[in-house]
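J.: Pasting in a structure now, in C-alpha cells, and then I'll have a few things to ask.
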Amino acid sequence: MGSNPNKSNNNSDNTDNSKLGRGCADMQEMSCHEILTGKGEYRGLVPIIMAYLDQINTDEETTRVISSYMDFIVARASGDLVSPATWMRDFITSHPDYKQDSRVSQKIGADLCAACHKIGTGALRIPEMHGDFEIKSVDWRNAYAAPLVSTEQATHDETGINQMVDRYVARQELAAKRRKLSVEVEAQKAALGRAQAELDALDRQMKASGGAVYANGASSPALGVDRSPAFTRPV
C-alpha cells in the first residue's frame, strides 16, 4: 500500500505543535512597565535601546533627548503620569458645562479641542500628564529628520554591550526612585503651604481681635521670660 500523504502531514504538524508548546513554557506575562524596564533575568527594552545608542557612538545631544523620551514613556507606563485618555475624561467631567449626564456639549468639545491643540504645539503643559519633563513648542523649522552620523567606529564586544545594558538598568532603578521622591517632595510642599496659610490666617484673626502678635506668633509673651521692670539697687 502507498503512504498516506495526509497522515504524514498530520505527524509533521503534531511535531511542530509540540515544539511550540515547549516554547510557551519559557514565556511569562509582563506589564508594559516591566517590558520597558525589565523583570528577572530580562533586563528591559529601554536599557537595551540606550545601550545600543552607546554602541553606535550616538552624539551627546541626541542621547540626552532620547533618554528624556524613554524616561517619559517609563513614567507613563508605571502610572506615575496619567494617560491622555484619563486627562481628557477628567477635563470633561470637571468642565463647568458638564451636567453629569454623559453628554459632551459643543462648548465642552470646543474647549477640549483648543486645549489639545495647545498641548500639541507645546503651549500648554499639564503637570499630571507631563510631570517635570520639558515640552518645547513645536517649530516648523525642525520638522525634517536628520540622520544619525557618527565619525567613530562602533565596537561589538559582547561583554561591553552587557555592561552598558546593566548600567542603564541601574539608571532605570534610580529614575524610578527619583520619581517617587519627587512626588513625596511635592506632597510635603503642598502640606507646608497649607500649614503656612493656616498660620497666616490665625495671625490675621489675632490681630483683628486687638491683641499684639509677638515674633513667635503668640498673643502673649513667651513662658519663662521675665518681662518685669528692672530695679536699681541703692548703694
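J.: Among the helices (runs of 4 or more DSSP H) contained in segment 59-130, which hold 3 or more residues that are surrounded by 12 or more Cβ atoms within 10 Å (Cβ to Cβ) and not aliphatic (A, V, I, L, M)?
T.: Qualifying helices (runs of 4 or more DSSP H): 60-78, 84-93, 106-121.
J.: Is there a residue in segment 15-23 that is farther than 19 Å from Val169 by Cβ, modelled with pLDDT of 85 or more, of a type in the set (D, E, K, R) and over 17 Å from the mean Cα position of the chain (by Cα)?
T.: No: zero hits.
J.: Right, something else. Of the residues that make up segment 99-111, is at least one touching a residue at least 24 places away in the same chain (Cβ under 8 Å) and out of contact with any Asp or Glu (no Cβ under 8 Å at 6 or more places or on another chain)?
T.: no
To keep it simple, each residue is scored yes or no on (1) among the small types (Gly, Ala, Ser); (2) within 25 Å of Ile119 (Cα to Cα).
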{"site": "Glu34", "(1), (2)": "no, no"}
{"site": "Tyr42", "(1), (2)": "no, no"}
{"site": "Ile48", "(1), (2)": "no, no"}
{"site": "Tyr69", "(1), (2)": "no, yes"}
{"site": "Ala75", "(1), (2)": "yes, yes"}
{"site": "Leu81", "(1), (2)": "no, yes"}
{"site": "Phe91", "(1), (2)": "no, yes"}
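J.: Moving to a separate point now. Which of the residues that make up segment 43-52 are of a type outside the set (Val, Ile, Thr) and either in a loop (DSSP other than H, G, I, E, B) or within 22 Å of the chain's Cα centre (by Cα) (or both)?
T.: Arg43, Gly44, Leu45, Pro47, Met50, Ala51
J.: If you don't mind, another one. Check off (1) in contact (Cβ under 8 Å) with a residue 60 or more places away in the chain; (2) closer than 20 Å to Asn162 by Cα; (3) among the aliphatic types (A, V, I, L, M) for Leu53 and give me the number that stays unchecked.
T.: (1)
J.: What are the residue pairs meeting all of these: first residue in segment 165-182, first residue among the small types (Gly, Ala, Ser), second residue in a helix (DSSP H, G or I), Cβ atoms under 8 Å, and 6 or more apart or on different chains?
T.: If the second residue must be in a helix (DSSP H, G or I), the pairs left are Ala175/Asp71; Ala175/Val74; Ala176/Thr37; Ala176/Val74; Ala176/Ser78.
The values are calculated or read from the model by the stated rules, or taken from the named source; none is laboratory data. Note that the coordinates shown come from a computational prediction; the quantities given were computed from them, not determined experimentally. For neighbour counting, all protein chains shown are included, and Cβ atoms are generated from backbone atoms with ideal geometry for every residue, glycine included.
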